[in-house]
Every structure is written in C-alpha cells, then in structure tokens.
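Heads up: the structure comes next, in structure tokens.
Bear in mind these aren't lab numbers, they're just calculated from the coordinates by the rules spelled out. Just so you know, these numbers come straight off a predicted model, no measurement behind them. Neighbour counts run over all protein chains shown; Cβ positions are idealised from the backbone, glycine included.
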Amino acid sequence: MEKEICILAIESSCDETAAAVVRNGREVLSNIIYSQIALHTEYGGVVPEIASRKHIEKINQVIEQALTDADKKLNDMDAIAVTYGPGLVGALLVGVSEAKAISFASGIPLVGVHHIEGHISANYIENKDLEPPFICLVVSGGHSHLVVVKDYGAYEIIGRTRDDAAGEAFDKVARAIGLGYPGGPKIDKVSREGNPDAIFFPRAKVGDSEYDFSFSGLKSAVLNYLNSCRMKGEEINTADVAASFQKAVVDVLVEHSMDAVSKYHYHKFAIAGGVASNSALRRAFEEKCKEKNILFYHPSPVYCTDNAAMIGTAAYYEYQRGIRHGFDLNAVPNLKLGERI
C-alpha cells in the first residue's frame, strides 16, 4: 500500500492568504483562502504594501484552520510547502518566512514551489487520470504562458506574453469601461448580455514567435474606441464592448494553443490560472478540443485563482523527486518556470 504523504502548503504570492493540507498529491483535505479583494477594490488593484501587512495578520489563522479542517496535526505532516516565486516580494516573504519558521521549529522538511508550477498542478486535483506529457495554457493577472509539460517538474515554455498578461488586460479594460476591479469576473458576467461581434478589435500576431501573445495593442484599441465614441457623443454599449474585447482575447488564446497542440502532436490540453475560470474561454476550448479529438482538462474555479491546494499538489511531486530546501530559501519575485534556487 502506498505510504500516505501529507503536505501543509502555504500560498501568499499576491493578495490571497492561503493554506491547505494535501494527501498523496491529489486529495485535498482542506483548502483555506482569505481573499483581500474587497480591501483592494477601493484602490482599483492590488496595493503590495497593504497585501503584505494583511498576510502577516491572517497567515497563522489560515494555517490553523487548514489543519483543523483536515483533522490533522502539524506532526502528521511530511513536508511544509510554500510558494517562493514569482509574485510580489513582500507578500512572498511572509509565506516563505512562515514556512521556514514552522520547518525549523518542527523539523519537518521544507519544499519551495514555483507559483506557475502550482497553477499547472491544479489540474491534477480533480483529473485523476491526467499525467504528463501535455500542453497547458497558464493565463492569469500576471502570466500568459503556453507550456509543454514534459513530466512532473519538467517544463518548456513555448509561448509567453510580450507585454500585458491576459488577466492584466481584462483588469485595464474593465476599469476603462467603468466595471471596476477585479476585471476578469466582471467582464465575463456583463459580456453575457452583449454581442461579441458588435465591434471588431485586433488580434495581435508576434512576427518572430508564433506562440507568443501581445495584448497591449488590443487594450489600446479598446481605449481608442471609447475615446472616439465620447468625442463624437455616441452612446457606448458597455456589454458589447466587453463581449467584443473578450472574444478578441479568447480567439488569440485558443488559436495559439490549438496550433501548438497540433504541431507538438499532443492529445491532452489543459488550462490554468485565474483567467481559466472565464466561461467564454472554457466554452471555446471545449468546442475546439472536441472538434480536434483532444482531451481537455481544467480545474474548478476555486483552483484557478490563487490557492494553497495547488501548491501542495506541486510540492508532492517535488517531494517524491527528493527536492528539499534549506533555511536560506528566499522570495524570488521574478522566478522563471523551471528555474531551481
């Protein structure tokens, strides 16, 4: 019988303070998330200093609740996992310092986890049959990566954003059309009332890399459209603008991803990250993957946004490979996927 491996995972890379207990990589015993969205909405986006201070206030409570909900004690854990990059340096430091302190005091091994690797690993939680290799699109507020998952812990980035990440573009456009923060869920919701073909916005191509993304021009096109309407005194249909913008983003993400799946001859494709919970994006991928006879995987929305369960899952496979970190582990805000510190 397989030895039970329980991991206490901590995630604090941005504005969610999260802790989880994960057993054998794919069974989530608890997943506690304290969200700061209401706090940062007042400012129209995440304020790093405020996020860091709130992490300090909440992290002990969140960890205690995770252990309680899992009906486990600290000495039941085989490893302490923590996100150490990429992310906001102050926010990361809170989680890393907490994890090192717990590891030092308890003697339980420490495993540092890459945040994007965590997002990719979120797909393993509910899809018990999913095993590498496959292609994964990671789309969030800070990242737009097209990744070949060669094996657990082995990745090749074949496409990335050249400017704004997809989620960042959602936030900026949402602010411009008066929807506020966070932009992704609000654009997704209002788009259901709009016509996605009402306005044509550009789909950018990056000449020297067929799988790279660029959303800055699209964002500028939306702003130019809004300014033009205001100058002419024309009425702006917010739902149509949102739906048309969303369709432009979805079209590019789907086209690049499906081209990569075909070229690399994979029959498994997954999405991850906050934008992966977008309903239009999911529908588009479901349709395309069905059309091309490709198996499509995606996490539930709770595992798309930042959470500690995904960090515990990623840490399990690192732990199995013998990865351990010392007390010199530090926050690395610009940590690259596949880079080892």
Helix 89-106 axis, angle to the chain major axis (alpha carbon atoms, nearest 10°): 20 degrees
C-alpha long axis of helix 48-70 to longest principal axis of the chain, angle in °: 50 degrees
Space enclosed by the convex hull of the alpha-carbon atoms of region 97-218, per residue, Å³: 178 Å³
q = 0.10, 0.14, 0.16 Å⁻¹: log10 I(q)/I(0) that the Debye formula gives for the chain, counting C-alpha atoms only: -0.58, -1.09, -1.35
Part-to-part distance (alpha-carbon centres) for region 132-168 and region 220-254, which is given in Å: 26 Å
For the chain, calculated [θ]222 nm from helices alone, where every DSSP H run of n ≥ 4 adds -39500 (n - 2.57): -14000 deg cm²/dmol
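Find out how many positive minus negative residues lie around Glu27, taking Lys and Arg as positive, Asp and Glu as negative, among other residues whose Cβ is under 10 Å from that of Glu27.
+2
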Gyration tensor (alpha-carbon) shape descriptor, region 122-178, a/c threshold 1.5: oblate
Region 210-310: translational diffusion in µm²/s, Stokes-Einstein, Kirkwood Rh over Cα pairs, 4 °C, 1.567 mPa s: 83 µm²/s
Dimensions in Å of region 132-298 - Rg and Dmax from alpha carbons: 16.0, 56
